[in-house]
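Each reported figure results from applying straightforward, stated rules to the coordinates on display, with no laboratory input. What you see is a predicted model; the values in this text were computed from it and never measured. Cβ sites come from the backbone with ideal geometry, for glycine too, and all protein chains shown count toward neighbours.
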Amino acid sequence: MDHAWIIGGVPNGRHLIWRRYVEEAIIGAVRGSITRLNNYGIDGPWVVMATLINVKGFAVIMGDDYLTDAAWQDPAFLGQITDDHLAPASLKPMLVAFWRVFGVDVSPELSEG
């Protein structure tokens with residue numbers, strides 16, 4: 001299954017990406033796809049790949065108007081994950097790769113779990 005969505009915009013001339021459109025959306029897209037394919041009798045192992053396009057110069061808004069560094073790479077391939085079950089923890093390498101595009105070592109939530 002292919003998924004594509006807009007993760008940011010340019011309000012008031014600021015090139016911003018909204019964090020929840022990435023972390024929550026990747027996990028949700030994976031869960032939704034697996035559920036749908038399971039309904040048709042299709043089971044893992046699963047392969048997930050993700051690429052960011054047109055993100056160079058955008059920063060992620062972290063809250064309270066705090067921004068990450070601007071993305072330095074475009075396109076940014078976030079990697080490929082192959083797993084039998086694809087639990088949210090399985091997606092950690094992809095989410096870590098996302099944050100590195102913006103100069104962040106790891107998402108605060110990822111470092112806790």
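Counting only chymotrypsin sites (Phe, Trp or Tyr not before Pro) that DSSP places in a loop and that have at most 13 other Cβ atoms within 10 Å, the longest clean stretch of the chain runs over 73-113. Could you tell me how many degrees, from 0 to 90 and to the nearest 10, lie between the Cα long axis of helix 20-39 and the main elongation axis, the longest principal axis, of the Cα atoms of the chain? Roughly 10 degrees, rounded to the nearest 10. Find the relative contact order for the chain and round it to a whole percent, using C-alpha pairs within less than 8 Å whose residues are 6+ positions apart. It comes to 22 percent, rounded to a whole number.
Legend: calculated FRET efficiency, residue 82 to residue 14, from the Cβ-Cβ distance at R0 = 30 Å, rounded to 0.05, equals 0.20.
Positive end of the dipole of the chain (Cβ unit charges, origin at the Cα centre): among 96, 72, 82, the Cα lying farthest that way belongs to 72.
The stretch between residue 51 and residue 97 holds 15.5 nm of extra length on full extension. This uses 0.36 nm per residue minus the Cα-Cα distance. For the chain, the Cβ-based charge dipole about the Cα centre amounts to some 260 debye (Lys, Arg positive; Asp, Glu negative; other atoms uncharged). Label-to-label distance for residue 3 and residue 67 is 2.7 nm, based on points extended 7 Å past Cα in the beta-carbon direction. Over the chain, dividing the summed -39,500 (n - 2.57) contributions of all DSSP H runs of at least 4 residues by the number of residues returns a 222 nm mean residue ellipticity of -9500 deg cm²/dmol. Couplings 3J(HN,Hα) of the range 85-97, computed from phi: 10, 6, 5, x, 5, 5, 8, 3, x, 5, 5, 4, 4 Hz, in residue order, whole Hz [Karplus 6.51 cos²θ - 1.76 cosθ + 1.60, θ = phi - 60°; x for Gly and Pro]. In sequence order, the range 64-76 has phi-based couplings of 6, 6, 7, 10, 6, 5, 6, 4, 9, 10, 7, x, 10 Hz under the Karplus curve 6.51 cos²θ - 1.76 cosθ + 1.60, θ = phi - 60°, and Gly or Pro positions carry x.
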